[in-house]
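Here's the structure, in structure tokens; my notes come after.
The values are calculated or read from the model by the stated rules, or taken from the named source; none is laboratory data. Quantities reported herein were computed from a predicted structural model and do not represent experimental measurements. In this analysis, Cβ positions are derived from the backbone assuming ideal geometry, glycine residues included, and neighbour counts consider all displayed protein chains.
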Amino acid sequence: MAPDWEGIAGWCREHAVECLYLLCPASDAALARYAGEHHFALVDIRLTLERPLDVALPAMEPTQAVLRPANAADLPALQAMARTSHRNTRFFRDGKFPVALCEKYYATWIANSLADPATSVWLAEVAGQPAGYVTADARGRIGLLAVDAAHRRLGLGRQLVGQALALFRERGLAMAQVVTQGGCVGPQRLYQQCGFITAEVGLWYHKWFA
């Protein structure tokens, strides 16, 4: 059954919604046609990857990074990385959101993760300087993963993912999950190297009313 577009559009106008999001399963051709007919723009492909936790992580080359739990004193460094590390996400790709607002979104996300007692935030340091982070929640999901541009291709991403998987195992979880973008080959390759496989594919559409 097709959504009630007139009702949706009316509600958005009534509540001064500027941009409406639509997440469409890749297999739902009818909903994808609906999105096109009502002038939604396809802005991203959403990949959900999963990995069973009873399979060991492949051996990794040692890195120069030291991993430790982040604390409140680390927040400025975490937010500085968050503002620059997630440029391939749909909010930046859309092109209509102010860049400063997109940066604030991820800075707020990492701050909320650090303040959430159910979420673990681990920081990677190289020579005492912040070089990356990962967030891992109580349900086995990796939320944010970032490596500073100056420290990429050194194995820090795999080390951070491995830390998240170790936390999930300690909590007795059976499955790990992460969401990434279909156009981001680097993160996909990283997760695949860590044993993740694609479980779901979705299409993100945005509809601007202005």
(message) What are the pairs with Cβ atoms under 7 angstrom where one residue, in the stretch 52-67, is farther than 15 Å from ALA164 by Cα and the other, located anywhere, is modelled with pLDDT of 85 or more and part of a loop (DSSP other than H, G, I, E, B)? Sequence gap at least six, or different chains.
(response) GLU61/GLY155; THR63/GLY155
(request) Name the single residue, out of those in the stretch 36-56 being touching a Lys or Arg at 6+ places or on another chain (Cβ under 8 Å) and outside any strand (DSSP E or B), that is surrounded by the fewest Cβ atoms within 10 Å (Cβ to Cβ). (result) HIS39
(message) Looking at the structure I just gave you, is ARG158 surrounded by fewer than 17 Cβ atoms within 10 Å (Cβ to Cβ) and either more than 20 Å from GLN79 (Cβ to Cβ) or of a type in the set (D, E, K, R) (or both)?
(response) no
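Being within 25 Å of LEU23 (Cβ to Cβ) and among the hydrophobic types (A, V, I, L, M, F, W, C) narrows it down to one of LEU144, LEU165, LEU154, LEU160, so name that one.
LEU144
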(message) Against the condition out of contact with any Cys (no Cβ under 7 Å at 6 or more places or on another chain), more than 23 Å from LEU190 (Cα to Cα) and of a type outside the set (Phe, Trp, Tyr), how does PRO69 come out, does it pass?
(response) no
(request) Residues being over 30 Å from VAL17 (Cα atoms), under 14 Å from the mean Cα position of the chain (by Cα) and touching a residue at least 24 places away in the same chain (Cβ under 8 Å): count how many of those fall in the stretch 181-210. (result) 4
(request) Filter the stretch 30-84 down to residues that are polar (S, T, N, Q) and under 19 Å from the mean Cα position of the chain (by Cα), then give me how many there are. (result) 3
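One line per residue, one yes/no per condition, for (1) at pLDDT 95 or above; (2) surrounded by fewer than 19 Cβ atoms within 10 Å (Cβ to Cβ); (3) closer than 21 Å to CYS184 by Cβ:
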residue	(1), (2), (3)
ASN112	yes, yes, no
ASP116	yes, yes, no
VAL121	yes, no, no
ALA127	no, yes, no
THR135	yes, no, yes
LEU144	yes, no, yes
(request) Can you confirm whether the stretch 102-109 contains a residue that is surrounded by 14 or more Cβ atoms within 10 Å (Cβ to Cβ), touching a residue at least 40 places away in the same chain (Cβ under 8 Å) and either under 30 Å from HIS206 (Cβ atoms) or not acidic (Asp, Glu) (or both)? (result) no
(message) Exactly one condition in (1) at pLDDT 95 or above; (2) touching a helix residue (DSSP H, G or I) at 6+ places or on another chain (Cβ under 9 Å) is false for VAL201; which is it?
(response) (2)
(request) Give ASP94, ASP116 a once-over and let me know the one that is charged (D, E, K, R) and farther than 25 Å from LEU42 by Cβ. (result) ASP116
(request) Give the residues of the stretch 72-97 that are among the polar types (S, T, N, Q), assigned to a helix (DSSP H, G or I) and buried (at least 17 other Cβ atoms within 10 Å of the Cβ), sorted by residue number. (result) GLN79, SER85
(request) Please state which of the following conditions ARG139 fails to meet, knowing it meets all the rest: (1) under 25 Å from ALA118 (Cβ atoms); (2) exposed (fewer than 14 other Cβ atoms within 10 Å of the Cβ); (3) touching a helix residue (DSSP H, G or I) at 6+ places or on another chain (Cβ under 7 Å). (result) (3)
(request) Select from the stretch 165-194 the residues that are hydrophobic (A, V, I, L, M, F, W, C) and touching a Ser or Thr at 6+ places or on another chain (Cβ under 8 Å) and list them in ascending order. (result) LEU167, VAL178, VAL179
(request) Go through the residues of the stretch 15-27 one by one and say whether even a single one is over 25 Å from the mean Cα position of the chain (by Cα) and loosely packed, with under 11 Cβ neighbours inside 10 Å. (result) yes
